[in-house]
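Contents: one structure, followed by commentary.
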Amino acid sequence: MLKIGLTGNIGSGKTTVSKIFEILGIPVFYADDAAKNVMVNDEILIDGIKAAFGEQAYFNDGALNRKHIADIVFNDAEKLAKLNSLVHPATFRAFDAWVKEIKDVPYVLKEAALLFESDSYKLCDYTIMVQAPLETRIKRVMQRDGLSKAEIENRDSNQFTEEKKTRLADYVIVNDDKQLVIPQVLELHRVFCSLVH
């Protein structure tokens, strides 16, 4: 069973692409969702976050104080690196456990915004980069999340550039609202299935 990493910068449409693979019967591990999960369930990680960001990183009911952490990390590259160094190993453990549960499929997808930045691409057999022009991505995220252009650009600057990710990726899906995405996904599905059989 192949492990395929799927990434793209903010607003590229990597979740949309992942959903198409799911329709084809391919299980998808959403690393960002898993990261949110381990941040409230993995005791080692919780202790590490409290040590790095203070007790106020969590509410009394055990929920993560996302605003407190976001206000710190999105304005401080060192703090963001610290958070990632705590969360990524816990997310890797969750992915390994998830893969062990999967049976009878040619491949699985790991959808992760920071696939290359976290080095988790090294745990994958192949990688896919979902590309979209910056202006298109900004427009999508403004509509989806209600963020300002400056907030989106700030978050985007915390990731590798599209050019760098494209150089690192084995395959590219262009999601620029001009080219059809489904045929691109179907072609990659055919390629990955052929590599297994």
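The values are calculated or read from the model by the stated rules, or taken from the named source; none is laboratory data. Remember, predicted model here, so these are calculated numbers, not experimental data. A quick note on method: Cβ atoms are made from the backbone with ideal geometry, for glycine too, and the neighbour counts reach across all protein chains shown. Heavy atoms of the whole protein, side chains included, go into the accessibility calculation; ligands, DNA and RNA do not. Shrake-Rupley method; radii C 1.70, N 1.55, O 1.52, S 1.80 Å.
Quick notes on this structure:
- Residues in the range 137-163 that are under 16 Å from the mean Cα position of the chain (by Cα) and within 30 Å of residue 195 (Cα to Cα): 3 in all.
- Any hit, the range 50-59, residues being in a helix (DSSP H, G or I), of a type in the set (Phe, Trp, Tyr) and under 16 Å from residue 32 (Cα atoms): no
- Residue that is least open to solvent (accessible area, probe 1.4 Å), among those in the range 93-114 that are out of contact with any Lys or Arg (no Cβ under 8 Å at 6 or more places or on another chain) and under 17 Å from residue 160 (Cβ atoms): 112
- The residue pairs whose first member lies in the range 180-195 and is in contact (Cβ under 8 Å) with a residue 12 or more places away in the chain, whose second member is in a loop (DSSP other than H, G, I, E, B) and of a type in the set (Gly, Ala, Ser), and whose beta carbons are closer than 8 Å, counting only pairs six or more residues apart or on different chains, are 181/13.
- Each residue in the range 28-62 was checked for being under 22 Å from residue 155 (Cβ atoms) and without any contact (Cβ under 8 Å) to a residue 24 or more places away in the chain, and 2 pass.
- Any hit, the range 158-169, residues being modelled with pLDDT of 95 or more and not in a helix (DSSP H, G or I): yes
- Residues in the range 1-54 that are within 30 Å of residue 131 (Cα to Cα), out of contact with any Lys or Arg (no Cβ under 9 Å at 6 or more places or on another chain) and open to solvent by 50 Å² or more (accessible area, probe 1.4 Å): 15, 16, 19, 22, 23, 24, 32, 33, 37.
- Qualifying positions in the range 17-33 - touching a helix residue (DSSP H, G or I) at 6+ places or on another chain (Cβ under 8 Å), at pLDDT 95 or above and in a helix (DSSP H, G or I): 17, 20, 21
- When the range 118-151 is limited to residues that are assigned to a strand (DSSP E or B) and not β-branched (Val, Ile, Thr), the one that is farthest from residue 95 (Cα to Cα) turns out to be 131.
- The number of residues in the range 76-92 that are open to solvent by 60 Å² or more (accessible area, probe 1.4 Å) and in contact (Cβ under 8 Å) with a residue 24 or more places away in the chain comes to 3.
- Selected residue [surrounded by 13 or more Cβ atoms within 10 Å (Cβ to Cβ) and free of Cβ contacts under 8 Å to residues at least 12 places away in the same chain] from 168, 147, 123: 147
- The condition (being touching a Gly at 6+ places or on another chain (Cβ under 6 Å), among the aliphatic types (A, V, I, L, M) and modelled with pLDDT under 95) is satisfied by just one residue among 115, 134: 115.
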